[in-house]
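Only one structure is covered here, and it is reproduced in the block below.
The values are calculated or read from the model by the stated rules, or taken from the named source; none is laboratory data. Quantities reported herein were computed from a predicted structural model and do not represent experimental measurements. Heads up, the Cβs are rebuilt from the backbone with ideal geometry, glycines too, and the neighbour counts pull from every protein chain shown. Each accessible area value is taken on the protein alone, full model and side chains, heavy atoms only, with ligands, DNA and RNA left out. Shrake-Rupley method; radii C 1.70, N 1.55, O 1.52, S 1.80 Å.
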Amino acid sequence: MRATTAGLTPRPADDPSLVDRFGRRAVDLRVSLTERCNLRCTYCMPAEGLPVIPSDALMTADEIDRLVGLAARDLGVRKVRFTGGEPLLRADLADIVRRCSAHGVELSLTTNAIGLANRAQALADAGLRRVNVSLDTVDPDVFAEVTRRPFLDRVLEGIAAAADAGLGVKVNAVLLRGVNDHLATDLLAWCLERGHELRFIEQMPLDPGHAWDGATMITATEIRAVLGERYVLTPDEAPRDGAPAERYRVHTRDGALLGTVGIIASITESFCGDCTRTRLTAEGHVRSCLFSDDEVDLLGPLRAGADDAVLTDTWRRAMWAKPRDHGDDVDGIVHPARGMSAIGG
């Protein structure tokens, strides 16, 4: 799949950044390392999993290192987050982190934390600074229902090990109506007690089975109302600076500050106008928008011997064609053909 450039205004030749035609600049790179995962979350993957991408079709550590280096040196990228699938399934993850840290970018990891207990210190030593852990509940029975796996204890061990290694910890949660929504404040209390920032994410149409239904999705408005039954939320005054989460200070009823919580309202309170992200799939394709099916291959040209100038020019042109909003240039939401685990979060 290639991003179409027909009919677009010419890209400014004197701007080396990943600018698009709406004036947004991508400084935050998400790099998917694998489509594989050891959970089967109901909103992300079918119970039987997804077709496996052949290993020789995935970027190697050398190739990731080169593309991240180009992004940092020539394209203005300042932050890199490794995603999946589950990136801890890459045996060479610490090596990838170590190589990419040499490019002067801030490195983080999105993970389910299974296996992190044994690798957190090595990743921190390699240059990782933060983990974003996907955790929808701390109730073991509900966790097993959502993920189809009884691994909550391993996740909690991984989170504790990350904190012990000095890594910043954020927790990402999706609320599902009638499944874990009644446990939202319990999860927030658990995170506040440990100093981890929790971000609730509106369920997005990124399931491969296309079962997502906006009518049953729990909205940001509902999330604020649920949290307000136990806590007092006030808007955080810190600049958002392109971050997807709208942050709130969390207070007790008598005014004591407990911490912060974020809400990522990708559907109902779109922040597309301030998007600062660019993505590489595990197969080395530029994906300018999470919701768009347009992808531009970088790995093929790289393996064919393309020089740095060709690769960066290809990347810049792919980002120039970035859609305005939710995968398209018209109102509405595109339901992409590939699911989240195949794209990289």
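General remarks:
Rundown of residues vs (1) of a type in the set (Ser, Thr, Tyr); (2) crowded, with 22+ Cβ neighbours inside 10 Å; (3) farther than 26 Å from residue 77 by Cα, yes/no style:
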| position | (1), (2), (3) |
| --- | --- |
| 117 | no, no, yes |
| 126 | no, no, no |
| 131 | no, yes, no |
| 138 | no, no, yes |
| 141 | no, no, yes |
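- Under the condition of being more than 15 Å from residue 280 (Cα to Cα) and either part of a helix (DSSP H, G or I) or polar (S, T, N, Q) (or both), the residues counted in region 66-98 number 9.
- Every residue from region 230-248 that is touching a residue at least 40 places away in the same chain (Cβ under 8 Å), over 16 Å from residue 201 (Cβ atoms) and open to solvent by less than 60 Å² (accessible area, probe 1.4 Å): 231, 242
- Boolean, residue 110 is closer than 15 Å to residue 287 by Cα and among the polar types (S, T, N, Q): no
- A search for C-beta distances below 6 Å between a residue of region 166-181 that is of a type in the set (S, T, N, Q) and any residue that is open to solvent by 20 Å² or more (accessible area, probe 1.4 Å), counting only pairs 6+ apart in sequence or on different chains, returns 172/134; 172/201.
- Subset of region 67-112 [basic (Lys, Arg) and under 21 Å from residue 136 (Cα atoms)]: 81
- In region 306-318, the residues that are open to solvent by 60 Å² or more (accessible area, probe 1.4 Å) and either without any contact (Cβ under 8 Å) to a residue 40 or more places away in the chain or at positive phi (or both): 307, 309, 310, 313
- Residue within region 220-234 that is touching a Ser or Thr at 6+ places or on another chain (Cβ under 9 Å), among the charged types (D, E, K, R) and at pLDDT 95 or above present: yes
- Of all residues making up region 135-184, the number that are in a loop (DSSP other than H, G, I, E, B) and among the acidic types (Asp, Glu): 2
- Residue list for region 188-211, restricted to those being open to solvent by 30 Å² or more (accessible area, probe 1.4 Å), in a loop (DSSP other than H, G, I, E, B), modelled with pLDDT of 75 or more and not hydrophobic (A, V, I, L, M, F, W, C): 195, 203
- Test: residue in region 249-265 that is open to solvent by less than 10 Å² (accessible area, probe 1.4 Å) and at pLDDT below 95: yes
- Residues being open to solvent by 20 Å² or more (accessible area, probe 1.4 Å) and in contact with a helix residue (DSSP H, G or I) (Cβ under 6 Å, 6 or more places away or on another chain) are represented in region 212-229 by at least one member.
- Residue selected from region 319-345 under the condition under 23 Å from residue 56 (Cα atoms) and crowded, with 19+ Cβ neighbours inside 10 Å, by the criterion modelled with the highest pLDDT: 343
- Test: residue in region 15-36 that is of a type in the set (S, T, N, Q), within 15 Å of the chain's Cα centre (by Cα) and either open to solvent by 10 Å² or more (accessible area, probe 1.4 Å) or within 20 Å of residue 296 (Cα to Cα) (or both): yes
- Selection status of residue 268, open to solvent by 10 Å² or more (accessible area, probe 1.4 Å), in contact (Cβ under 8 Å) with a residue 60 or more places away in the chain and either out of contact with any His (no Cβ under 9 Å at 6 or more places or on another chain) or not in a loop (DSSP other than H, G, I, E, B) (or both): yes
- Every residue from region 103-115 that is open to solvent by 40 Å² or more (accessible area, probe 1.4 Å) and in contact with a helix residue (DSSP H, G or I) (Cβ under 8 Å, 6 or more places away or on another chain): 103, 104
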